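What follows is a single structure, written as structure tokens, with notes after it.
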Amino acid sequence: MAMAASSRLFWASRAAAYLRISTFPRAFSTVLKDLKYADTHEWVKVEGDSATVGITDHAQDHLGDVVFVELPEVGSSVSQGNNFGAVESVKATSDVNSPVSGEVVEVNEKLSEEPGLVNASPYDKGWIIKVKLSDSGELNSLMDDEKYSKFCEEEDKH
């Protein structure tokens with residue numbers, strides 16, 4: 001009897017993994033160290049004068065399954081706090097704001113074919129744009145991982 005229950009549980013967790021649904025309620029979203037975060041739920045990873053930008057795990061979790069990502073043109077300018085694109089999910093469409101200012105040097109073309117990468121891998125394969133920074137001092141106005149985690153906890157209470 002215990003064997004049947006255990007194999008049923010195993011099957012359910014494999015099915016959930018395949019369908020990308022959680023078998024337990026998520027208590028918190030993943031927040032990575034060494035990234036900076038905006039209060040509009042975008043993250044930025046800086047390497048030299050280049051910054052990679054995407055939406056956070058918290059944001060993708062609240063959006064639900066992403067079905068379309070609107071990308072800016074390479075060569076366009078972005079300004080800190082201003083909209084540069086949108087993420088459309090089964091629940092809603094949400095603007096994506098740039099946490100930094102600069103020139104878009106690359107967009108994640110894979111998102112045109114696989115917008116779900118934003119859900120499956122928000123900090124790795126689901127990045128949205130790469131920017132050549134025009135003002136690295138702007139990074140000082142962004143949150144570190146600890147502040148962002150607290151920010152999300154407070155926001156979820158309301």
Complete set of residues in the range 74-83 that are part of a strand (DSSP E or B) and either closer than 17 Å to residue 46 by Cβ or touching a helix residue (DSSP H, G or I) at 6+ places or on another chain (Cβ under 6 Å) (or both): 78
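Could you tell me how many of the residues in the range 116-131 are assigned to a loop (DSSP other than H, G, I, E, B), in contact (Cβ under 8 Å) with a residue 12 or more places away in the chain and closer than 20 Å to residue 34 by Cβ? Lay out the reasoning, then the answer.
Pass one, the range 116-131, residues assigned to a loop (DSSP other than H, G, I, E, B): 116, 121-128.
Subset that is in contact (Cβ under 8 Å) with a residue 12 or more places away in the chain: 116, 122-123, 125-128.
Now narrow it down to the ones that are closer than 20 Å to residue 34 by Cβ: 122-123, 125-128.
Final tally of qualifying residues: 6.
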Residue in the range 58-73 that is modelled with pLDDT of 95 or more, closer than 14 Å to residue 132 by Cβ and in a strand (DSSP E or B) present: no
Pick from the range 47-64, criterion under 9 Å from residue 122 (Cα atoms) and touching a helix residue (DSSP H, G or I) at 6+ places or on another chain (Cβ under 8 Å), ranking: surrounded by the fewest Cβ atoms within 10 Å (Cβ to Cβ): 56
Looking only at the range 86-115, and only at residues there that are in a loop (DSSP other than H, G, I, E, B) and either at pLDDT 95 or above or touching a His at 6+ places or on another chain (Cβ under 7 Å) (or both), the one that is surrounded by the fewest Cβ atoms within 10 Å (Cβ to Cβ): 109
Filter result for residue 156 (exposed (fewer than 14 other Cβ atoms within 10 Å of the Cβ), within 22 Å of residue 49 (Cβ to Cβ) and charged (D, E, K, R)): no
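The values are calculated or read from the model by the stated rules, or taken from the named source; none is laboratory data. No experiment lies behind these values; they were computed from the predicted model shown. Positions of Cβ are generated from backbone atoms using ideal geometry, with glycine treated the same way; all protein chains shown enter the neighbour counts.
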